[in-house]
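The next block holds one structure in the form of structure tokens; read it before the comments.
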Amino acid sequence: MTYARAGEITPPMHFVAQRESLDPELIRAEVARGRLVIPANIHHLEGVLQPMAIGKVASVKVNANIGNSAVSSNLDEEVGKLLLAVKYGADTVMDLSTGKDIDVTREAIIGASTVPIGTVPIYQAVLQGKELEELTINDFLEVIEHQARQGVDYMTLHAGILLQHLPLVYGRITGIVSRGGSLHAVWMMHHRKQNPLYEHYDDVLDILRQYDVTISLGDSLRPGCLHDASDKAQFAELDTLGELTKRAWEFDVQVMVEGPGHIPMDQIEMNVRRQKDVCHEAPFYTLGPLVTDISPGYDHISSAIGAAMIGWYGADMLCYVTPKEHLGLPNANDVREGVIAYKIAAHAADIARGRPHARDRDDALSRARYAFDWKEQFRLSLDPERAQEYHDETLPAEYFKSAEFCAMCGPKFCSMHHSRTIDDGIAQLAKELAEKETALTGSEATAEIDRVIASVGGDD
């Protein structure tokens, strides 16, 4: 942000401009304005990181969460999840490890990752040998700086939940569902003191600026069910996040703001507009949102519906939800399912927002489908392996190259096969109609068009 505000276009800005097919000057201006962030720790940039951008002028991005727990997973499995998430299109990955060997796991993930890595530092702070209530601001700052030195590109910091917000949670069904937010709440209630990250926010920003770490302002009081959506607690914290956004910009620290988790569909647009207004158009990073609470085991579907909508209305990055949400730690297949669901949502949002060339891949796949070019269909799919797997389950291998149908309809009922047989005739009719439309007007043209259509044989 310092370079952008000084008028300098850095190599990462050039790289992002090329990836997004945008003018480098536009990238610089948006970073300077705060509407675009390029999460790129100076140490990760020295490795394999390929810079990317999150914000209004960029395509809608997808984050995948990975990380071990005290009861599940190991280093090889987490690195495997990282590589799988990137393979299927995750734009960033968050390491939310809360188990053993956190440092070793994170270093391996950062070393292998071409995409930005995010963390939640308080998770490691509570595993340093002290009870939660014994932690001091120095403990928090030491972990933040430690992770910054490791190369973490962005950090979720729950600096916006304040002591005076806690009574507003009373009456909720699910209370505080943010892990980091709940830990801060317990600390504040125990000491009857203000959030230390809020009180020492300038010290936090000094560290982040030194390593060029983007701050992701955590939404501690996000709703964990539809009943709690858009309540006083959520919006009181949002007002504080707007204040913290401006304070971070004063230090030239890049900011994105995290958003709610469970919202009815009719409240999604309002939530986006309110966040963008309160937080001065800083990039909006949302979890889901889930649009119903009755889908355990299928929450990747419930949340992808909300993700597509919130992306359409202006959210800039979507944090995926897997089928294991609310149930357990995701395995490799859950990561795959979650990433693909959210790539669909993000792509649908880009199309709805009218992003130039967003639909090119869709049109190319549709042409391949109509031409029965199966290999090209698979290549253009978000998950080529799954598409071919489903195709090959029911269509004999000998038909793979030549069949002008799939097993759903078979040769007699394939609409595209039949449509192809009359392509030439339809083209001729279209030409005749075009010629007649130029010669006729009003009711005459309508009557002539009806006559020509009827001549091809009935209602079809």
Filtering region 338-396 down to residues that are open to solvent by 30 Å² or more (accessible area, probe 1.4 Å), hydroxyl-bearing (S, T, Y) and free of Cβ contacts under 8 Å to residues at least 40 places away in the same chain yields S366, Y390, T394
Collect the residues in region 117-136 that are in a helix (DSSP H, G or I), open to solvent by less than 30 Å² (accessible area, probe 1.4 Å) and farther than 15 Å from M94 by Cβ, keeping them in residue-number order.
-> A125, L132
Members of region 99-116 found to be in a loop (DSSP other than H, G, I, E, B), open to solvent by less than 10 Å² (accessible area, probe 1.4 Å) and polar (S, T, N, Q), listed by number | S113
Go through (1) open to solvent by 20 Å² or more (accessible area, probe 1.4 Å); (2) free of Cβ contacts under 8 Å to residues at least 40 places away in the same chain; (3) within 22 Å of the chain's Cα centre (by Cα); (4) over 22 Å from W187 (Cβ atoms) one by one and return the number of the condition L96 breaks.
-> (4)
Evaluation of I294 against (1) in a loop (DSSP other than H, G, I, E, B); (2) among the aliphatic types (A, V, I, L, M); (3) buried (at least 24 other Cβ atoms within 10 Å of the Cβ) (one fails), failing number = (3)
Could you figure out which of (1) among the small types (G, A, S); (2) closer than 25 Å to H190 by Cα; (3) touching a helix residue (DSSP H, G or I) at 6+ places or on another chain (Cβ under 8 Å) isn't true of G129?
-> (3)
Looking at (1) open to solvent by 10 Å² or more (accessible area, probe 1.4 Å); (2) closer than 22 Å to T114 by Cβ, which is the only condition N41 fails?
-> (1)
In region 148-198, what residues are closer than 21 Å to L287 by Cβ, basic (K, R) and either assigned to a helix (DSSP H, G or I) or touching a Lys or Arg at 6+ places or on another chain (Cβ under 8 Å) (or both)?
-> R179
Which of the residues belonging to region 143-166 are charged (D, E, K, R) and either touching a Ser or Thr at 6+ places or on another chain (Cβ under 7 Å) or crowded, with 16+ Cβ neighbours inside 10 Å (or both)?
-> E145, D153
Of the criteria (1) modelled with pLDDT of 95 or more; (2) out of contact with any Lys or Arg (no Cβ under 8 Å at 6 or more places or on another chain); (3) within 28 Å of A159 (Cα to Cα); (4) charged (D, E, K, R), which one K100 fails = (1)
Residue check for T286: touching a helix residue (DSSP H, G or I) at 6+ places or on another chain (Cβ under 6 Å), surrounded by fewer than 22 Cβ atoms within 10 Å (Cβ to Cβ) and farther than 24 Å from A4 by Cα | no
Positions within region 211-224 being of a type outside the set (S, T, N, Q) and surrounded by 24 or more Cβ atoms within 10 Å (Cβ to Cβ), in sequence order = V213, I215, L217, G218, D219, L221, R222, P223
Odd one out for F140, checked against (1) outside any strand (DSSP E or B); (2) under 23 Å from T286 (Cα atoms) | (2)
Residue hits (region 72-93; assigned to a loop (DSSP other than H, G, I, E, B) and either without any contact (Cβ under 8 Å) to a residue 40 or more places away in the chain or within 22 Å of the chain's Cα centre (by Cα) (or both)) are N74, Y88, G89, A90, D91
Here the residues within region 298-321 that are without any contact (Cβ under 8 Å) to a residue 60 or more places away in the chain, in contact with a His (Cβ under 9 Å, 6 or more places away or on another chain) and in a loop (DSSP other than H, G, I, E, B) are V321
Total residues in region 405-417, condition exposed (fewer than 14 other Cβ atoms within 10 Å of the Cβ) and of a type outside the set (F, W, Y) = 6
Identify, please: which residue in region 225-278 is under 18 Å from the mean Cα position of the chain (by Cα) and among the hydrophobic types (A, V, I, L, M, F, W, C) and is, among those, most open to solvent (accessible area, probe 1.4 Å)?
-> M265
The residue that is modelled with the lowest pLDDT, considering only those in region 45-93 that are among the hydroxyl-bearing types (S, T, Y) and open to solvent by 10 Å² or more (accessible area, probe 1.4 Å), is S73
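The values are calculated or read from the model by the stated rules, or taken from the named source; none is laboratory data. Small disclaimer: the values here were computed from a predicted structure and weren't measured. Neighbour counts run over all protein chains shown; Cβ positions are idealised from the backbone, glycine included. For accessibility, only protein heavy atoms count, side chains too; no ligands or nucleic acids. Shrake-Rupley method; radii C 1.70, N 1.55, O 1.52, S 1.80 Å.
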